[in-house]
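**Q** Below you'll find the structure I mean.
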Amino acid sequence: MSEYERIGLQYAARRRADPRLGRAIADALGGARRIVNVGAGAGSYEPVGPRVVAVEPAAAMIAQRPPGAAPCVRGNAERLPFADGAFEAGLAILTIHHWSDWRAGLRELARVARDRVVVLTWDPAGDGFWLADYMPAMLAADRRRFPELGALREVLGDIRVQPLPIPHDCTDGFLGAYWRRPEAYLDPAVRRGISSFARDEFAPELARLAADLASGAWARKHEHLLARAELDIGYRLVVAVSSA
């Protein structure tokens with residue numbers, strides 16, 4: 001069973017595409033029209049067009065795809081049901097850390113994408129952000145789940161890595177989206193849209209964060225963040241362009 005059969009039932013309510021991130025992803029696709037979006041979920045950042053196809057293993061996520069979304073094949077990244085070079089571009093948005101074999105999945109994505117592969121991921125070698133002070137075990141687990149950029153290069157070959165700063169009011173509720181809105185992490189509805197919180201209740205850690213917000217300790221320590229419009233906390237767009 002896909003992890004998202006369990007945690008993804010109300011995913012689309014909190015994971016709404018942020019237009020600023022969407023523009024960066026669209027630019028990385030380089031004008032491609034025949035696109036396969038693998039690990040597509042509810043369809044955030046998915047280009048609109050008659051030659052776009054989605055692949056998603058979780059029925060719970062497919063059920064949340066909006067009317068008019070691209071047709072979706074229920075399947076896994078590690079075995080894509082398409083011919084070599086069937087698409088101009090392959091897209092994978094914050095998904096490869098969920099794949100059972102991300103190397104096999106990326107090789108499949110490169111096989112079916114003739115011109116380029118675009119991956120949005122998080123660099124586990126980076127510093128992350130202040131949430132690690134409260135939840136070190138969570139962030140340590142994420143560092144183990146996300147492949148390092150060097151490992152991506154071993155599979156995809158030459159890659160371009162583009163930092164993707166996260167806006168302070170990001171509408172897509174992934175883990176780092178609330179870096180300037182710490183109180184959001186106390187909201188169970190927010191946490192239900194973040195897979196990292198699915199592994200534990202994190203009750204003591206959340207209680208400590210709540211206490212620091214109430215006392216003003218968090219604001220005193222992180223006052224420098226409150227004037228920032230965006231922050232680089234390790235999210236990266238990885239683009240591999242075919243040399244053929």
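**Q** Can you list the trypsin sites (Lys or Arg not before Pro) in the range 76-122 that are in a DSSP coil and have 13 or fewer other beta carbons within 10 angstrom?
**A** When the trypsin sites (Lys or Arg not before Pro) of the range 76-122 are filtered for loop state and at most 13 Cβ neighbours within 10 Å, 79 remain.
**Q** Quick one: putting +1 on the C-beta of Lys and Arg, -1 on the C-beta of Asp and Glu, what dipole do you get for the range 175-232 around its Cα centre, in Debye to the nearest 20?
**A** 40
**Q** Let me ask another. If packing is taken as the average number of other Cβ atoms within 10 Å across a peptide's residues, how do 215-223, 39-47 rank, most packed first?
**A** Taking the mean over residues of other Cβ atoms within 10 Å, the ranking is 39-47, 215-223.
**Q** Something else about it: I need the calculated FRET efficiency for the pair residue 86 and residue 227, taking r as the beta carbon distance and R₀ as 45 Å, to the nearest 0.05.
**A** Efficiency computed from Cβ-Cβ geometry: 0.40.
**Q** Apply the Karplus parameterisation 6.51 cos²θ - 1.76 cosθ + 1.60, with θ equal to phi minus 60°, to every residue of the range 159-176 and state each ³J(HN,Hα) to the nearest whole Hz, in sequence, with x for glycine and proline.
**A** Coupling constants for the range 159-176: 10, 9, 10, 10, x, 10, x, 9, x, 5, 10, 3, 8, 8, x, 6, 3, x Hz.
**Q** Just from its helices, what would the mean residue ellipticity at 222 nm be for the chain, if runs of 4 or more DSSP H residues each count -39500 (n - 2.57) and the sum is divided by every residue, rounded to the nearest 500 deg cm²/dmol?
**A** So the helix-based figure for the chain works out to -8000 deg cm²/dmol.
**Q** Right, something else. Residues of the range 123-182: accessible area per residue at 1.4 Å, in Å²?
**A** Normalised by residue count, the accessible surface of the range 123-182 is 41 Å².
**Q** Moving to a separate point now. Using only Cα atoms, find the angle between the long axis of helix 203-215 and the longest principal axis of the chain, and express it within 0 to 90 degrees, rounded to the nearest 10.
**A** Compared with the principal axis, the helix lies near 60 degrees.
**Q** DSSP beta bridges in the chain, what fraction antiparallel, as a percent rounded to 5?
**A** The answer is about 45 percent antiparallel.
**Q** While we're looking at this one, here's another question. At 1.4 Å probe size, what's the solvent-accessible area of residue 152? Round to the nearest 10 Å².
**A** 0
**Q** Computed from these coordinates, which is Cα extents along the principal axes in Å: (1) 58, 35, 29; (2) 55, 43, 28; (3) 43, 39, 35?
**A** Label of the calculated value: (1).
**Q** Carbon-plus-sulfur fraction of the accessible area of the chain, 1.4 Å probe, in percent?
**A** Exposed carbon and sulfur together represent 51 percent of the surface.
**Q** At what distance in nm do the modelled label points of residue 215 and residue 127 sit from each other, each positioned 7 Å from its Cα along Cα→Cβ?
**A** Label at residue 215, label at residue 127, 2.4 nm between them.
**Q** Continuing with the same structure: HN-Hα J couplings of the range 15-31 from phi, Karplus 6.51/-1.76/1.60, θ = phi - 60°, integer Hz, Gly and Pro as x?
**A** In residue order, the calculated couplings are 9, 9, 3, 8, x, 5, 5, x, 5, 5, 5, 4, 4, 5, 6, x, x Hz.
**Q** Averaged across orientations, what area in nm² does the convex hull of the alpha carbons in the range 129-243 project?
**A** The Cα convex hull of the range 129-243, projected and averaged over all directions, gives 8.1 nm².
**Q** Continuing with the same structure: Relative contact order of the chain: what whole-number percent is it, with Cα pairs under 8 angstrom and at least 6 residues apart?
**A** 22
**Q** Additional query: Give a quick list of GluC sites (Glu not before Pro) in the range 136-217 that DSSP marks as loop, anything other than H, G, I, E or B, with at most 13 other Cβ atoms within 10 Å.
**A** 148, 201
The values are calculated or read from the model by the stated rules, or taken from the named source; none is laboratory data. Being a predicted model, the structure only gives us computed values, none of them experimental. Neighbour counts run over all protein chains shown; Cβ positions are idealised from the backbone, glycine included. What goes into the accessible areas is simple: the full protein's heavy atoms, side chains included, and nothing from ligands, DNA or RNA. Shrake-Rupley method; radii C 1.70, N 1.55, O 1.52, S 1.80 Å.
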